[in-house]
Amino acid sequence: SFSTSTLDMLDELGIETDEQTRNAVVRFWLGIGFLLGAPHDALMVPGPEGTLRPLDHREARALSLAIRRRHHARSVDGVRLCEALIEGVSDGFPRGFGWLAPGLMQVLGEPRATALLLTGTGEGRTRARLIAAVLGGLLRIRPLRPLTRTVIQAIGQRWVRPFLAQGR
């Protein structure tokens, strides 16, 4: 289920991935899950002729949504982990733009999840909240929505593509 949230964010940034790539990402993370100790049977579903096969993207997405509905609640550990992850991602942005990662998360992330995971404190968070408020407000104005999405997608492609290129 972890891999589907990454793919969802790429969708929000306007970075297209085909179904084959989506399935490959899910299967890669299923392998990581197995290496980390997840039971093999938990990562597989019945395939043709009674054999087991790994989940595909669509099935992993359904699992992710079920887990989200059941388990999303604010916790101190969850907030700390999210803050550390965002800080790590922010370190990869050009100097002076570290606030952009939490700002984009606030604009593009699912509002309920973002409210659970971000405390809104820390260096640069005021700027991130301001950017999120401006971009979020522009997204709510129907005539400006296409232009705003184009700007957000351009930002995402500018800073996310190099990370994707490193993984190939």
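A few comments on the model shown:
- Cβ-Cβ distance of Leu144 and Thr6, R₀ of 25 Å, FRET efficiency by 1/(1 + (r/R0)^6): the value works out to about 0.35.
- For the stretch 14-97: rounded, prolate or oblate by the Cα gyration tensor [a/c cutoff 1.5]: prolate
- The loop-placed GluC sites (Glu not before Pro) in the stretch 1-43, going by DSSP, that have at most 11 neighbouring Cβ atoms within 10 Å of their Cβ come out as Glu16.
- Scalar couplings 3J(HN,Hα) for the stretch 136-152, obtained by applying the Karplus form with A = 6.51, B = -1.76, C = 1.60 to θ = phi - 60°, are x, x, 5, 5, 7, 8, 3, x, 8, 4, x, 5, 5, 4, 4, 5, 4 Hz; x denotes Gly and Pro.
- For Phe2, solvent-accessible area (1.4 Å; no DNA, RNA or ligand), Å²: 130 Å²
- Solvent exposure, largest accessible area first (probe 1.4 Å, DNA, RNA and ligands not counted), of Val26, Val76, Val151: Val76, Val151, Val26
- Unit charges on C-beta of K, R, D, E only; dipole of the stretch 1-56, Debye: 300 debye
- Accessible heavy-atom area order of Arg58, Arg53, highest first, probe of 1.4 Å: Arg58, Arg53
- Accessible area of Arg145 in the full protein assembly, 1.4 Å probe (Å², nearest 10): 60 Å²
The values are calculated or read from the model by the stated rules, or taken from the named source; none is laboratory data. These numbers come from a predicted model, not from an experiment. For neighbour counting, all protein chains shown are included, and Cβ atoms are generated from backbone atoms with ideal geometry for every residue, glycine included. The protein model used for the area step is the full one, side chains on, heavy atoms only, and it has no ligands, DNA or RNA in it. Shrake-Rupley method; radii C 1.70, N 1.55, O 1.52, S 1.80 Å.
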